[in-house]
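What follows is a set of notes on a single structure, which appears directly below.
Bear in mind these aren't lab numbers, they're just calculated from the coordinates by the rules spelled out. Quantities reported herein were computed from a predicted structural model and do not represent experimental measurements. A quick note on method: Cβ atoms are made from the backbone with ideal geometry, for glycine too, and the neighbour counts reach across all protein chains shown.
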Amino acid sequence: MGRILNNINIEKSAENIYEFILKYKYIILISFFTGIAVNAIDVFTIKFGIDSEAYTKADGPQLYYDIQRYGSWILYYILPFARYHIVSQIIGIFALTLAGLLTVSRHNLPNSAKLLFVLLFVTYPNFTFLQYFYFQSAYNFIGLLLVVIAYRLIECNRNIFLYILAVIFLYIGVSSYQPNFAVFLTVMMINVILDFIYKKDYKLSIKQILKGTFFLILATSLYYLSIKLIAGNLNSYHTGYIRSYNNIMDELSGIITYCYRILVSYGFKGEHTANLLVSILLILLIIQTIFIQKNLKLTIFFICLILLFLLAIFSLNTMLAWMLIRAMLALAFYPAFIILLVYCFNLNNKLKYITVILTILIIGYHTSYIVKYQFTYYMSYKQDEFLVRDIMSRLYMKYPEIYNGKYKLAFAGELNKNADHPLTSYKKNNGLYHPLMAKKDFFGYSFFSGGYTERILAFMQLQGFPMNIQLGHITDDMMKKVKDMPAYPDNNCVNLIDGVVVVKLSN
């Protein structure tokens, strides 16, 4: 053990960390507090989103284990407090800040450029979709940070013990949240491109790509092996996302169209970003490189590296049938890196000032969506909170003995709060839909929509409903009586049928 510690040299590492913090203290502080500010609604309001009801009932790491997020399961034992609201959000934002900074800190770039990079990274809207699941988000973001640290350990290192540590970090990162796979590839390509710009070394670039890819495959293989040993096979939640290539050309065409739509800010998965502006800047940067760079070989290789950078961002999209917004974490590097390139590799000071102004505008644009989404989340929670308390009041008034768990509880129908929700086909048929609701992805999604009755009961128990009350089921024999019942908010929407208290939410 002593020999291992000598190889790693803990004292020197501690000094390096201290020097790193001193050198970049202003970037860390500015970026961290900016992240807190743009996520203020999410950070400082207490609420329970979808999935939270399951994590609160199972107050421990078992759910991480069951869904094969072994990295989160490990991190729970290291940082058990990191799963709880406010603490979770703050730790997550701090982890993102460090991850953004560590991605580019090794390079000889001005601190102003590094600050722009980290600010754009931390304020990317996709992160707010994942913060919605705050019982998971901190571990996912810590996993992202560990993936970045793993790459830093791999890229310029010849110490076997640091390689082992990098594989451990990479394993935890990928197994805490699988989209960190694409994060590693994206961080790798950012560093390869920056090194190539300064060193013009083709062999070094290829070596870096092969080396990083090898360790990623190694860590991912270990994750898959641990799944096989522990669970026997992939969890059905994961297998549902795996793409089946029936017609390769059609699939490739679909992938290219999907990526294009996101890069031009089209559709609900991309319109909350300023990617269109960033993509225009990227095209102008490539055109500038073609005209200014006299070496055709260097130009072609640089363009190939940029294409690999884009492929790294969308690497999981080529393997998966579809991806939720919250899983597309690697996209946060896109505007940050392109703005960094435009800022650093234009000698004209006026263009640098324009880049800074564009950065501020992009952050403002992204923040407007972040605030809108988080406010929608808060509004939806308050509406659900009111509905739950009203329903609980009706239950206690009509059947007070239910408090002692003498009956089971069942729900019929759903309240269509989520008008025009992209994951459903609801219509505006009541007054619950509010014009301030964002209606994107799951923001504004209600516990009372979708017919997930176990979620409703779990949410009621979060509000003080007795934990011993079990979920009942409406049988075919009960359906005739249920159909004759009036729906909520009628006073008779609660009725006892065959030993089950039925709450009819809609006709």
Listed highest first by mean packing, meaning other Cβ atoms within 10 Å per residue, what order do 137-145, 288-296 come in? 137-145, 288-296
Just for the chain, what percent of DSSP beta bridges are antiparallel, to the closest 5? 45 percent
For the chain, what is the convex hull volume of its Cα atoms per residue in Å³? 173 Å³
Cut-off under 15 Å on the C-alpha distance; same-chain residues fewer than 8 positions from residue 297 excluded. Which aspartates and glutamates are left, in chain and number order? 201
Return the whole-Å distance between the Cα centroid of region 138-172 and the Cα centroid of region 438-507. 46 Å
Rg/Rh for region 1-134, where both radii come from Cα atoms and Rh is the Kirkwood radius: 1.04
Beyond 18 Å, what percent of the Cα pairs of region 49-99 remain? 34 percent
Which parts of region 170-203 would a label at residue 16 reach, counting a residue when its backbone N lies under 17 Å from a point 7 Å out along Cα-to-Cβ? 170
Cα-projected label distance for residue 357 with residue 229, points at 7 Å along beta-carbon direction, nm: 5.8 nm
Computed [θ] at 222 nm, helices only, for the chain once each DSSP H run of length n ≥ 4 contributes -39500 (n - 2.57): -20500 deg cm²/dmol
Equivalent ellipsoid semi-axes, region 296-386, via Cα gyration tensor eigenvalues times 5, rooted, Å: 34, 23, 5
Multiplying the sequence separation of residue 292 and residue 51 by 0.36 nm and subtracting their Cα-Cα distance, what value in nm do you get? 81.5 nm
Percent of all alpha-carbon pairs of region 126-238 at distances over 19 Å, whole number, is 50 percent
Calculated diffusion of region 444-507, Stokes-Einstein form, Kirkwood radius summed over Cα pairs, 10 °C and 1.306 mPa s, µm²/s: 124 µm²/s
Just tell me which aspartates and glutamates come within less than 15 Å, Cα to Cα, of residue 47; anything on the same chain fewer than 8 places away is out. 384, 385
Per-selection metrics, region 236-392 (Cα): Rg and Dmax in Å: 20.1, 74
Could you check the spin-label model distance between residue 477 and residue 23? Points 7 Å from the Cα along Cα→Cβ, value in nm. 7.5 nm
Sequence gap at least 6, Cα distance under 8 Å: using those rules, report the relative contact order of the chain to the nearest whole percent. 16 percent
If every Lys and Arg gets +1 and every Asp and Glu gets -1 at its Cβ, then about the Cα centre region 112-235 yields a dipole, in debye to the nearest 20, of 320 debye
With charges set only on the Cβ (+1 for Lys and Arg, -1 for Asp and Glu), what does the dipole of the chain come to about its Cα centre, in debye to the nearest 20? 1180 debye
Out of 46, 445, 144, whose Cα points farthest toward the positive end of the dipole of the chain (charges: +1 Lys, Arg; -1 Asp, Glu; placed on Cβ)? 144
Kindly rank 39-48, 152-161, 116-125 from highest to lowest mean number of other beta carbons found within 10 Å of each residue. 116-125, 39-48, 152-161
Could you give me the ³J(HN,Hα) list for region 472-477, computed from phi with Karplus coefficients 6.51, -1.76, 1.60 and θ = phi - 60°, whole Hz, x at Gly and Pro? x, 10, 8, 7, 4, 5
Cα lying deepest toward the dipole's positive end in the chain, options 100, 386, 180, charges on Cβ: 100
